[in-house]
Amino acid sequence: MNSTLPTCCTPLDAHWPLPNALPDTVLLSTRFDPKQLLGDDFQRSAIEPPPSIQRSVAKRQAEFLAGRICARAALQQLEGSSVIPAIGEDRAPVWPAHICGSITHSTGRAAAIVANKQHWRGLGMDLENLLDSDRAERLAGEILTPAELQRMADGSRELLGLWVTLTFSVKESLFKALYPIVQKRFYFEHAEVLEWTQQGQVRLRLLTDLSGEWRHGTELEAQFGVQDGQLLSLVSIPA
């Protein structure tokens, strides 16, 4: 699996980084360093960069390459295929029709999760650098609903960065999990975090109708983990 790894990526890690391991999924991650990216890394990795990536800076190229390497290896492990998801017109990865999956990256780390749709209908994963309290306070109004802002105000200031990062990340994961199912865009104000635990459990509620099935008031579970100053969240929708 690691024979085609470029120098900029560490060997793929199959460790499950969240509280509850999902059966019938494969999650792989890698660490990457854009400064180590070489001109022929895409070619040697047998990954064709789309034009938008060819024109981009080394950081964007490295994170795209690292994410696609994780996705391809995860699909190989899941079902023996060597598919590399393309970028769709909506900028989301294009998976085989029977597969759901998610790719994420943040500073120096990328990950992908995949499953067969007979087991999971939707998977959304998001990785974010933890915000400090000052930045979290500045961004809170753009990310949090009025009810979430009230809960933030009632909480401890030392958890502010975690709370805002978590809310941002888990709503990104929710979008990634649900958008392929409902084919309808929605935004931060269209969902709210009802509660979360330090152990990594999250409960969310939709604040808008997305389809006949996914209506205002629908509640979903999510999970998250924090490692090395980064927060990883996952929303999983069973088949």
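The values are calculated or read from the model by the stated rules, or taken from the named source; none is laboratory data. These numbers come from a predicted model, not from an experiment. All Cβ positions, glycine included, derive from the backbone under ideal geometry; neighbour counts span all protein chains shown.
The residue of region 19-73 that is modelled with the lowest pLDDT, among those that are among the hydroxyl-bearing types (Ser, Thr, Tyr) and out of contact with any Leu (no Cβ under 9 Å at 6 or more places or on another chain), is 52.
Sort out which residues of region 116-153 are among the charged types (D, E, K, R) and within 18 Å of residue 203 (Cα to Cα), and write them in order of number. Answer for region 116-153, where residues must be among the charged types (D, E, K, R) and within 18 Å of residue 203 (Cα to Cα): 126, 148, 151. Restricting 14, 46 to residues that are assigned by TED's automatic domain parsing to the domain that holds residue 105 and either more than 21 Å from the chain's Cα centre (by Cα) or under 29 Å from residue 115 (Cβ atoms) (or both) narrows the list to 46. Remark: pairs (first residue in region 213-225, free of Cβ contacts under 8 Å to residues at least 60 places away in the same chain; second residue of a type outside the set (D, E, K, R) and in a loop (DSSP other than H, G, I, E, B); Cβ separation under 8 Å; 6+ apart in sequence or on different chains) = 216/207; 216/208. Determine, yes or no, whether residue 142 is touching a residue at least 60 places away in the same chain (Cβ under 8 Å), closer than 22 Å to residue 104 by Cα, of a type in the set (Asp, Glu) and assigned by TED's automatic domain parsing to the domain that holds residue 222. It is false that residue 142 is touching a residue at least 60 places away in the same chain (Cβ under 8 Å), closer than 22 Å to residue 104 by Cα, of a type in the set (Asp, Glu) and assigned by TED's automatic domain parsing to the domain that holds residue 222. Criterion first (over 19 Å from the mean Cα position of the chain (by Cα) and at pLDDT 95 or above) does residue 98 satisfy it? Considered against the rule, which asks whether it is over 19 Å from the mean Cα position of the chain (by Cα) and at pLDDT 95 or above, residue 98 comes out as yes. Going through region 21-37 one residue at a time, which ones are in a strand (DSSP E or B) and within 14 Å of residue 62 (Cβ to Cβ)? Matches in region 21-37: 30, 31, 32. Residues that are surrounded by 15 or more Cβ atoms within 10 Å (Cβ to Cβ) and free of Cβ contacts under 8 Å to residues at least 60 places away in the same chain were ranked within region 176-188; the one that is nearest to residue 148 (Cα to Cα) is 188.
For region 125-142, the set of residues classified as closer than 21 Å to residue 177 by Cα and crowded, with 18+ Cβ neighbours inside 10 Å consists of 125, 126, 127, 128, listed by residue number.
If only one of 22, 38 is out of contact with any strand residue (DSSP E or B) (no Cβ under 8 Å at 6 or more places or on another chain) and either closer than 29 Å to residue 200 by Cβ or surrounded by fewer than 20 Cβ atoms within 10 Å (Cβ to Cβ) (or both), which one is it?
38
Within region 195-211, the only residue that satisfies the criterion of being in contact with a strand residue (DSSP E or B) (Cβ under 8 Å, 6 or more places away or on another chain) and free of Cβ contacts under 8 Å to residues at least 12 places away in the same chain is 195.
Among the criteria (1) more than 19 Å from residue 122 (Cβ to Cβ); (2) not in a loop (DSSP other than H, G, I, E, B), the one residue 67 does not fulfil is (1).
How many residues, within region 23-51, are more than 24 Å from residue 88 (Cβ to Cβ) and of a type in the set (A, V, I, L, M)?
The qualifying residues number 2.
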